[in-house]
Amino acid sequence: MTRQFAVVGNPIEHSRSPELHHAFAKATGIDLHYSKRLAPLDGFASNVQEFFSQGGIGLNVTVPFKEQAYQLCDVLTPRAQVARAVNTLWQQDGKLHGDNTDGQGLVDAINALGWPLQQAKILILGAGGATRGVILPLAQAGAGQIVIANRTLSRAQQLIADVQPFINTAHLSAIILDHLSGQFDLIINATSASLSGEALQLPPALQFQYAYEMAYGKPSSFLDQATERGVPTSDGFSMLVGQAIEAFAIWNGVKLALSDFLSLK
Ligand code: ATR
């Protein structure tokens, strides 16, 4: 019988998840259908309930429902607990399980690029949901030091206080965005600046070897500046593929190689 999957969001028309999961299905020979579900802003929980009561196996969650999905779950993985947001749902023994695959998606994307993470000194720009979603997997991938730079320093400090109990290997610290300097192996833009079309100015005193922009399909002043410096760059399409591959692995028990699917861009 065809296994049923979906992504729920509002809006949802732009989602590339069906295309990705159908490509994974073709590669593995798994018989599945993956659809898009538009939930009303006040109707997320009933949409989820309907999906599973109709025999759905796995549901991805996107904007603006990831925090509501987190609230709804009976069982959460540690990385979803740290993220306080869930993008992958399934049912097991009558309980709703939730995970967040964004961070592992980013780690797999960075590995596929061949950029080093072991003992890496990483600078993350932004202290919102996007940063919260990736910090534990980056630490677990062996990062030595993670510095969170934010316009509003108190938000970066609060995020570190929240995640510190889950992280015992990487050293975490917070700085204010305008005071950036020093040398980093990897810089990740997790601000929403590119999404809202705003420019982000990187100070000349800030040095880095590799630059990853979490957004994709948008102009990015962050990537433009990194390219001008001759630094290898990537936009967030590889992370999108990575989070989908990790969700597919949870639901179907097969972990595909990210590099096989980057050509879908
Ligand atoms: P998301 O869930 O996408 O992370 P968010 O929780 O609203 O969204 O967080 C957005 C992040 O981008 C915040 O860290 C925000 O900084 P503040 O906490 O100081 O608001 C950051 N951000 C947004 N626009 C920015 C800009 N133009 N320059 C620098 N930082 C920006």
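Going 7 Å from the Cα of Gln157 in the Cα-to-Cβ direction, what parts of the stretch 108-125 have a backbone nitrogen less than 19 Å from that spot?
Answer for this model: 124-125.
Normalised by the number of residues in the chain, what is the relative contact order in percent for Cα pairs under 8 Å and 6+ residues apart?
Reported as a whole number, the value is 15 percent.
Straight-line reach from Lys218: which lysines have Cα under 17 Å away, leaving out those fewer than 8 places along the same chain?
Here the lysines satisfying the reach criterion relative to Lys218 are Lys265.
Label Gln81 and Gln164 with points 7 Å out from Cα along Cα→Cβ: what is the distance between them in nm?
1.8 nm
Hey, what did the stretch 104-143 get for relative contact order, percent, Cα under 8 Å, at least 6 apart?
The normalised contact order for the stretch 104-143 reaches 57 percent.
Could you compute how much accessible surface Lys265 exposes when probed at 1.4 Å, giving the result in Å² to the nearest 10?
Per-residue accessible area (Lys265): approximately 130 Å².
Excluding ligands and nucleic acids, what accessible area in Å² is computed for Tyr210 using a 1.4 Å probe, to the nearest 10?
We get 60 Å² for Tyr210.
Where in the chain are the DSSP H helices whose alpha-carbon span along the long axis reaches 15 Å or more and whose Kyte-Doolittle mean is at least 0.5? Intermediate values should be presented prior to the final figure.
Working: long enough: 17-28 (16 Å, -0.41); 102-113 (17 Å, 0.42); 129-140 (18 Å, 0.73); 153-163 (16 Å, 0.37); 237-252 (22 Å, 1.08).
Length and hydropathy pass: 129-140, 237-252.
The values are calculated or read from the model by the stated rules, or taken from the named source; none is laboratory data. Not measured: the values here are computed from a predicted model. Cβ: placed from backbone, ideal geometry, glycine included. Neighbour counts: every protein chain shown. The area values use the complete protein model at the heavy-atom level, side chains included, leaving out ligands, DNA and RNA. Shrake-Rupley method; radii C 1.70, N 1.55, O 1.52, S 1.80 Å.
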